[in-house]
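Reviewing the structure listed below.
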Amino acid sequence: MATTAGGPGSWSENILQYFLRNNQITTEDGAQITWYHAANQKAQMNEALKSTAHMIEADVLLPSEGSDHGQPIMAHPPETSSDNTLQEWLTEVTKSNKGIKLDFKSLAAVEPAMMLLENVKKRLKRPVWINADILPGPNGSSRVVDAKPFIDTVTSFFPDVTFSLGWTTGWHPEKVNEGYSWTMVKEMECICNELSQPVTFPVRAALVRQSCSQFLWLLKKSNRYSLTIWTGKNDNYSIEDLLCIRDYFDKKQVFYDILEPQNCEFKQAIGIKVNL
């Protein structure tokens, strides 16, 4: 049985409703939400906090050695060190009104990170997204975060969090890249239909156009579901691909966490003012 997102201030509050309520967007359109990606090091975190971005995304891992052993830090593999711990990151981000998305590449960091989040829960009255790739996707590696322990650990602390659950993917410029197959999408739905909180599916822009039927089917399965379109640094895709995605899906159900210059071009093409 599908349930809607949580009420005002809950971690499962729909981000469109949250930012509308705070007068930071003007309509329920996922393309109005802006993102700051990889706000891991202190310099990037501080830049993100000063920026106009609505959502700050950062990566959490557990260092294998050194003085921070056992303390989650903010870094994206292959980086394994950082000048920023999760505790320090949360201290600064809780002073803002920005939504947060934390990305996990391994199970080891999840429980210690949830314990730190628990300490600041009263100060985080906003949407919180917890992300991991839990299934292999198109050209993706099998190095996924094990779905059941990941979901169980997060929900044991925070049953009202928003999940961002994706597939590992690859993209190759020299060959035809397959999209997300029916098998991949149905396997994800099998996992997510058991959940009660909102789930967004991060999907790679260069692979979505050939998978529109699959994702339309998936989004129709529950009003808790949405897509977050993301892009790899060297991916080759067109603004027309993004416009096709926008035409195909409900504007409330698709978010765009894409890189420049395509982000500006896309926003201009659909009539959304860009703050530079």
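Within the span defined as segment 90-108, one or more residues are in a helix (DSSP H, G or I), within 24 Å of Leu49 (Cα to Cα) and open to solvent by 10 Å² or more (accessible area, probe 1.4 Å). Can you name the residue in segment 149-171 that is of a type outside the set (Val, Ile, Thr) and under 23 Å from Tyr256 (Cβ atoms) and is also surrounded by the fewest Cβ atoms within 10 Å (Cβ to Cβ) among such residues? So, considering only residues that are of a type outside the set (Val, Ile, Thr) and under 23 Å from Tyr256 (Cβ atoms), the one surrounded by the fewest Cβ atoms within 10 Å (Cβ to Cβ) is Gly170.
For segment 160-201, a residue qualifies if it is more than 13 Å from Leu218 (Cβ to Cβ), under 18 Å from the mean Cα position of the chain (by Cα) and of a type in the set (Val, Ile, Thr), and the qualifying residues are Val161, Thr162, Thr168, Thr169.
Filtering Lys252, Lys273, Lys267 for residues that are of a type outside the set (Asp, Glu), closer than 26 Å to Gln17 by Cβ and surrounded by fewer than 15 Cβ atoms within 10 Å (Cβ to Cβ) leaves a single hit, Lys273. Among residues that are of a type in the set (D, E, K, R), open to solvent by 70 Å² or more (accessible area, probe 1.4 Å) and assigned to a loop (DSSP other than H, G, I, E, B), Arg143 is included.
In segment 117-132, the qualifying residues are those that are within 11 Å of the chain's Cα centre (by Cα) and in contact (Cβ under 8 Å) with a residue 40 or more places away in the chain, and the one that is nearest to Val144 (Cα to Cα) is Asn131.
Scanning segment 60-82 for residues that are modelled with pLDDT of 95 or more and either more than 21 Å from the chain's Cα centre (by Cα) or open to solvent by 30 Å² or more (accessible area, probe 1.4 Å) (or both) turns up nothing. Residues in segment 201-233 that are open to solvent by 60 Å² or more (accessible area, probe 1.4 Å) and not hydroxyl-bearing (Ser, Thr, Tyr) were compared, and the one that is farthest from Pro261 (Cα to Cα) is Lys221. Test Pro138 against the criterion of being farther than 14 Å from Val199 by Cβ and either touching a Lys or Arg at 6+ places or on another chain (Cβ under 9 Å) or assigned to a loop (DSSP other than H, G, I, E, B) (or both), and give yes or no. The answer is yes for Pro138.
Scanning segment 20-59 for residues that are open to solvent by 50 Å² or more (accessible area, probe 1.4 Å) and within 21 Å of Ile245 (Cβ to Cβ) gives Thr27, Glu28, His37.
Annotation for segment 234-241: at least one member residue is open to solvent by 40 Å² or more (accessible area, probe 1.4 Å), more than 23 Å from Trp129 (Cβ to Cβ) and either hydroxyl-bearing (Ser, Thr, Tyr) or in a loop (DSSP other than H, G, I, E, B) (or both).
Every condition in (1) open to solvent by less than 60 Å² (accessible area, probe 1.4 Å); (2) out of contact with any Asp or Glu (no Cβ under 9 Å at 6 or more places or on another chain); (3) not aliphatic (A, V, I, L, M) is met by Thr183 except one, and the failing one is (1).
The values are calculated or read from the model by the stated rules, or taken from the named source; none is laboratory data. Just so we're clear, the structure is a prediction, and the values are computed from it rather than from any experiment. Glycine also receives a Cβ, built like all others from the backbone with ideal geometry; neighbour counts cover every protein chain displayed. Accessible surface is based on the protein model in full, side chains and every heavy atom, while ligands, DNA and RNA are left aside. Shrake-Rupley method; radii C 1.70, N 1.55, O 1.52, S 1.80 Å.
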